[in-house]
Structure formats: structure tokens, C-alpha cells
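A short worksheet on the structure shown next.
The values are calculated or read from the model by the stated rules, or taken from the named source; none is laboratory data. Every value quoted in this text rests on a predicted model; they were computed, and no experiment measured them. Heads up, the Cβs are rebuilt from the backbone with ideal geometry, glycines too, and the neighbour counts pull from every protein chain shown.
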Amino acid sequence: MRDFGAGDADTGLQECIEEMLKTDTRQANWCRSNPGKYDAHLAVQRAAKAGELENQTCEVSGIEAVDAHHDQYDEPLKMRWLCRRHHSRLYQYGEDMFPIRSVF
């Protein structure tokens, strides 16, 4: 199992994750099959819990209820904020449906 960091909170989180990964649920199977994606997901959760990251609105619709979408999982805190509808459409129809905006 990967080391998720130091501290009591991370130790408790790691124990919880290890227990969940022992199960045969759809979520646990996905986590085992996609370790890089899962690590990125955990990095976002940790940063949000620590107050280092704030959700933004959907970059397409402006809706406040959003998911973090990673274009590259090796940069876990570099993500796009998309509502569930647009996040699903992005996976269904492809990355070029909502091109990444350039920030100047």
C-alpha cells in the first residue's frame, strides 16, 4: 500500500482506505484497478479537508455543485471544476468537448 503521509489523520485515513480496499465493491475494485487516479482523488480530498483547496463553480455552466476533473493524474491538484452533467458528458463525448481555457 502507498504511504499517504504522516500524522494521525492520515494514519486513520490510510487504515480506513486499507479496510475498504479489502472489500469486493465496485468502488474498491475501481480503486485497485486505477491507483494513479485514486491517488489523485485522495490528494484532492486531503487538500480540501486541510483548507488548501476550494471548490469553484463549473467552468461550463457556473453551477456550484462540482466534481474535480483531472486532465493529467500526475498533477493531482491541477484540475478542472465541472458539474456532474458536464463531467459525465466530457467522459462520454471526449476531451475536446470542453477545451481547457487558457489563463493569461
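Whenever a residue of region 74-93 is without any contact (Cβ under 8 Å) to a residue 40 or more places away in the chain, its partners that are exposed (fewer than 13 other Cβ atoms within 10 Å of the Cβ) and outside any loop (DSSP other than H, G, I, E, B), lying with C-beta atoms within less than 7 angstrom and at least six residues away or across chains, give the pairs 89/97; 90/97. With respect to residue 44, is the statement that it is surrounded by 13 or more Cβ atoms within 10 Å (Cβ to Cβ), in a loop (DSSP other than H, G, I, E, B) and modelled with pLDDT of 90 or more true? Considered against the rule, which asks whether it is surrounded by 13 or more Cβ atoms within 10 Å (Cβ to Cβ), in a loop (DSSP other than H, G, I, E, B) and modelled with pLDDT of 90 or more, residue 44 comes out as no.
Against the numbered list (1) in a helix (DSSP H, G or I); (2) under 17 Å from residue 80 (Cβ atoms); (3) in contact (Cβ under 8 Å) with a residue 12 or more places away in the chain, residue 60 comes up short only at (1).
For region 72-104, a residue qualifies if it is in contact with an Asp or Glu (Cβ under 8 Å, 6 or more places away or on another chain), assigned to a loop (DSSP other than H, G, I, E, B) and modelled with pLDDT under 90, and the qualifying residues are 98, 100, 101.
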